[in-house]
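The values are calculated or read from the model by the stated rules, or taken from the named source; none is laboratory data. Please read all numbers here as calculations on a predicted model, not as lab measurements. Using ideal geometry, Cβ is built from the backbone for each residue, glycine included, and neighbour counts are taken over all protein chains shown.
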């Protein structure tokens with residue numbers, strides 16, 4: 001049974017009549033926060049060769065660092081999700097920003113591999129919380145007809161983070177060494193100053209909070225059916241009869257999709273140097289440019305998923321085309337131009353699926369447990385995929401080679417993810433989240 005859509009008080013109802021400056025402003029804040037969070041991921045991906053050299057690490061060791069970091073992140077994102085549904089979107093948003101700003105900077109001070117890994121894991125706990133938070137905030141503040149577009153475009157923070165980091169990394173590393181790039185992680189702390197003043201709690205959560213505190217009756221809102229339901233926030237609720245199928249299908253599909261991404265993304269700069277013969281600067285800039293162009297895939301997926309196809313079907317198509325593009329990069333690209341063309345084609349579709357995934361898992365849960373659901377089926381599944389697959393591929397590359405490893409642990413999982421999504425609900429776009437959630 002879906003939560004009933006009831007008559008909302010005027011202040012709540014008025015906010016969702018169309019696109020106004022407020023939801024666009026909130027979207028901009030979330031996009032900036034998400035972009036800053038992804039820069040940390042990119043910094044590590046770009047300086048893996050330097051980190052490995054200084055700490056005497058193999059690719060298998062790097063995979064272990066990624067795995068440990070992702071497990072820690074996965075545990076953290078579930079906690080952030082529950083806290084977000086209990087305490088509110090704004091306070092948790094601020095805490096996560098502080099968390100990853102501090103520990104990203106501390107990576108640059110790590111004296112050895114163990115302390116570096118600890119700092120990366122703690123930073124990952126902060127960055128992991130950004131995905132369900134920003135997706136939830138934008139989904140709740142956006143008008144229904146434009147929710148898919150705004151949440152989809154929000155995901156360009158990922159390629160933008162990598163693109164900006166690529167421009168920063170090369171000159172800093174060449175001038176000051178790899179450690180200096182992590183000090184840029186202090187920037188999010190400055191963003192908190194703006195956030196505290198400019199960002200207000202989402203209206204849907206304010207209504208939910210008012211019901212919990214007994215200030216208004218549930219019947220006066222459109223976000224929850226009863227006070228008892230408003231107070232139910234736990235992981236077990238995700239496996240209730242009405243949510244069980246949604247949770248299982250989305251978790252498996254997201255895990256496979258994230259695993260496919262994690263199996264190669266952090267190693268791509270290294271791959272371009274080791275297999276395609278690029279220099280450090282060439283590999284870094286090429287990766288950054290490809291991520292920048294990938295923005296096309298994010299934006300086009302957002303509009304296609306909102307106005308042409310459903311989000312589920314769009315993600316399936318984008319995933320299949322992404323697998324084709326990656327296969328072309330592995331087996332058909334030899335010179336700079338062909339590598340660039342196949343890399344960008346792969347990025348547009350493979351990475352562009354992220355524009356769909358975030359909202360797909362967010363809008364399928366009711367307001368009272370939306371961030372928890374997004375954290376579990378989205379962020380936890382992503383964290384596990386990003387942890388397990390890089391560990392496997394990092395060890396398999398040395399044993400069977402790059403191409404065979406990428407076939408079995410990137411291309412095939414990506415195609416399996418698309419197949420599993422066929423079992424997910426094919427929800428019509430452009431309706432209120434209370435109508436969609438079950």
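Restricted to helices (runs of 4 or more DSSP H) entirely inside the stretch 332-438, those with at least 1 residues that are modelled with pLDDT of 80 or more and more than 30 Å from residue 239 (Cα to Cα) are 336-350, 381-400, 402-406.
When each of 97, 83 is tested for being surrounded by 19 or more Cβ atoms within 10 Å (Cβ to Cβ), in a helix (DSSP H, G or I) and without any contact (Cβ under 8 Å) to a residue 24 or more places away in the chain, the lone residue that passes is 83.
Can you give me the number of residues within the stretch 320-370 that are within 18 Å of the chain's Cα centre (by Cα) and closer than 30 Å to residue 204 by Cβ? Counting residues in the stretch 320-370 that are within 18 Å of the chain's Cα centre (by Cα) and closer than 30 Å to residue 204 by Cβ gives 16.
Among residues of the stretch 316-342 that are on the phi > 0 side of the Ramachandran plot and surrounded by fewer than 17 Cβ atoms within 10 Å (Cβ to Cβ), none has a Cβ under 7 angstrom from a residue that is modelled with pLDDT of 95 or more and assigned to a helix (DSSP H, G or I) at a sequence gap of 6+ or on a separate chain. Regarding residue 240, is this residue at pLDDT below 70 and either crowded, with 20+ Cβ neighbours inside 10 Å or closer than 17 Å to residue 365 by Cα (or both)? No, not satisfied. Scanning the stretch 61-115 for residues that are within 18 Å of the chain's Cα centre (by Cα) and modelled with pLDDT of 85 or more yields a single hit, 104. For the stretch 265-292, residues that are surrounded by fewer than 18 Cβ atoms within 10 Å (Cβ to Cβ), without any contact (Cβ under 8 Å) to a residue 60 or more places away in the chain and either in a helix (DSSP H, G or I) or touching a strand residue (DSSP E or B) at 6+ places or on another chain (Cβ under 6 Å) (or both) total 1. The set of residues in the stretch 62-74 that are in contact (Cβ under 8 Å) with a residue 60 or more places away in the chain and farther than 26 Å from residue 27 by Cβ comprises 62, 63, 64, 66, 67, 68, 69, 70, 71, 74.
Scan the stretch 293-311 for residues that are outside any helix (DSSP H, G or I) and modelled with pLDDT of 85 or more and the total you get is 2.
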